[in-house]
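Structure first, then comments.
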There are 2 protein chains.
Amino acid sequence: MTDGSLVQRSTQAVRDHIRGKGLRVGDALPGEGHFADLLGVSRAVMREAFGALAALRVIDVANGRRARVGAIDGAVIATSLDHAVDTAQVSIIEIWDVRRTMEARTAELAAWNRSDEEAALIVALAEAIAEAGDDRDRVVAADIALHEAIARASHNPLFLQVIRSFAPMMQRVVPAAWRTRTTADDRADVIARHRALARAIADRDPRAAREAMDRHFDRTIDDMFRLDQAR
Amino acid sequence: MTDGSLVQRSTQAVRDHIRGKGLRVGDALPGEGHFADLLGVSRAVMREAFGALAALRVIDVANGRRARVGAIDGAVIATSLDHAVDTAQVSIIEIWDVRRTMEARTAELAAWNRSDEEAALIVALAEAIAEAGDDRDRVVAADIALHEAIARASHNPLFLQVIRSFAPMMQRVVPAAWRTRTTADDRADVIARHRALARAIADRDPRAAREAMDRHFDRTIDDMFRLDQAR
C-alpha cells in the first residue's frame, strides 16, 4: 500500500476539480496521468485515489473507459450498514429505528408530492404483496419495491438513496419476519397495513400516510422481537 | 485500472471472511498476499480491493501496518453528501429535511436514554453557544458539538454516525445561516431554542425535546430560504 496521506491528497484534488469546474453526473474527468503530472505523484498513487473515489461512487469507472462523475448511490451506505451489522457494531433493531424514522417522513412527503403515475405504482405494489400469497420471494421483492416507490415519490433524492440502502438488509430480515406471521390472520393484517399506507398516499393524506407507516413499523418491530426471542 | 469484476469479487471475499469468522472492530485480517493466493488473483487486484474497502471504512489500513476490521464512520456518508451537493444532485434544503427528520428522533431518544454526564454536556454546549457571542467559529463548533452530543445520548450508534455525517455540511452552511441573524433579538431567539432543547433532554421529556428540535429546524430552514433569496 502506498502512502495514505498522498492518496488522500490526491482524492481531494479530484474532488476539488469536480467542484471547481462545476461538473455534473456523467461529465468526463481527465485521466489518472493528468492528475499524476499535475500533483507530482506516481501513477500508482493516482490509481489508488481513483479506486477509492470509485468505491465511494464519487466517480464512475466502467471497465477500461474514461472516469466520469458518479451519481449518489445508496449502495455506499448499504455497504457500511451491512458491515456494521456483520461486526455487531449496530443491531437490526437499531437500524429499523432509523428506517422507521426516515420512512414515516417519506410517507408524509409522498402523500404531498406523488404524481398520479407514482400513486398508481404504489397502490399496485401493495396489491402485489397481497397477490404473492405464500411465495416469499415475491412478497419480499414487492415489499422492497413498495418502500422504494414511496421514497421516490417523496421527490427528495437523498431520502430515496438512504431508503435504497436498507434494501440488502431487508432481503435478509423480511423473510424471517414473514415466517413469524404463521396464521392467515397475521398475514391478512400485514397486507391490510400495506394497503392502508398506499391508499393514504393515493388520497394525498400526509397525516394518515405517516400514521400508517408508523403502525406498519410497530408491527414489524414486534415481529422482530418475537424472532429474537425464538432464537 | 484492473478488471472491475475481479476487484468486486475480491472485496466480497474479504467481507465474507470478516462475517464468516465473526470478526469485530480492530481484529487483524490476513494480508493482501494471503487473499491473492486464496482467490488466484494478482497482487494488483487485491491491492485495489483493499483500497476500496479502506475507502468504505470496512477495513482500517494505517500506513504500512496490517489491515484491521474498521469501525463505521459517518465520514463515508459525509463524502457522498458533499459530492451530491457539489454536483447539484441534492440541495441543502433537501439534506436539511433529512437532518430534521433524524434529529427530531435523536432528541426524543436522548431524553429517554441520556446519562447524567451526557445531560450535563448537552446543557454545557447550549451555554457555550450563548457564550460564544459574535465569535462565529466558536458558535459553529459548539453548535456541531451539541447536535453530536444529542445523537450520542440517543444510544443508537447508527443515528450518531448519520448525524456526524452532516458535520462538514454544517461547517459550510451554519456560518451563512448565522449571518442572516443580524439583530440581537434574532440571535437571542436561536440561543433560547438551543437552551430549551438541552433543558428538555436534561428533564427527560421526550415530547418537549422533539418539539424543541422541530422548532429549531423551522427557524433554521426559514433562515436558509432567506439566504437563498438574498443570493
Mean-position separation - Cα centroids, the stretch A:165-200 and the stretch A:71-146, in angstrom: 11 Å
Tilt relative to chain A, helix A:184-202 - C-alpha long axis, 0 to 90 degrees, to 10: 60 degrees
Low-density loop positions, trypsin sites (Lys or Arg not before Pro), the stretch A:9-88 - DSSP coil, at most 14 other Cβ in 10 Å: A:21, A:24, A:65, A:66
Given charges at beta-carbon only (K, R positive; D, E negative), |dipole| of the protein assembly as shown in Debye: 800 debye
Cα centre as origin, Lys/Arg/Asp/Glu Cβ charges: the stretch A:74-230 dipole, Debye: 180 debye
Most mobile of B:34, B:194, B:216 in a GNM of chain B (Cα contacts under 10 Å): B:34
Gaussian network model of chain A, springs between alpha carbon atoms under 10 Å - residue of A:107, A:124, A:200 with greatest fluctuation: A:124
Cα-only Debye scattering, the stretch A:74-230: base-10 log of I(q)/I(0) at q = 0.13, 0.18 Å⁻¹: -0.56, -1.10
Per-selection Rg to Rh, the protein assembly as shown - Cα, Kirkwood hydrodynamic radius: 0.98
Approximate spin-label separation residue B:192-residue B:8, in nm, with each point projected 7 Å along Cα-to-Cβ: 5.6 nm
Under 16 Å from the residue B:204 label point (7 Å along Cα→beta-carbon), backbone N, the stretch B:106-129: B:108-120
Relative contact order (%) - criterion: Cα under 8 Å, at least six apart; region: the stretch B:1-69: 40 percent
Dipole of the stretch A:39-84, positive end: most advanced residue of A:54, A:84, A:40 [Cβ charges, Cα centre]: A:40
Hypothetical label at residue B:218: residues of the stretch B:165-197 whose amide nitrogen lies under 13 Å (7 Å Cα-Cβ projection): B:193
Whole-number percent relative contact order across chain B, with pairs defined as alpha carbons under 8 Å at least 6 apart: 20 percent
Choice from B:184, B:111, B:54 with maximal GNM fluctuation in chain B (Cα, 10 Å cutoff): B:184
Span per principal axis, largest first, for the Cα atoms of the stretch B:4-69 (Å): 26, 26, 19
Crossing angle, helix B:206-230 versus chain B [Cα axis fit, 0-90 degrees, rounded to tens]: 90 degrees
Estimated [θ] at 222 nm from DSSP helical runs (n ≥ 4, -39500 (n - 2.57)) normalised by residues in chain B, nearest 500: -24500 deg cm²/dmol
Residue (of B:115, B:196, B:166) at the positive-pole extreme of the stretch B:74-230, dipole from beta-carbon charges: B:115
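We did not get these values from a lab; they are worked out from the coordinates using the rules stated. Since this is a predicted model, take the numbers as computed values, not measurements. Positions of Cβ are generated from backbone atoms using ideal geometry, with glycine treated the same way; all protein chains shown enter the neighbour counts.
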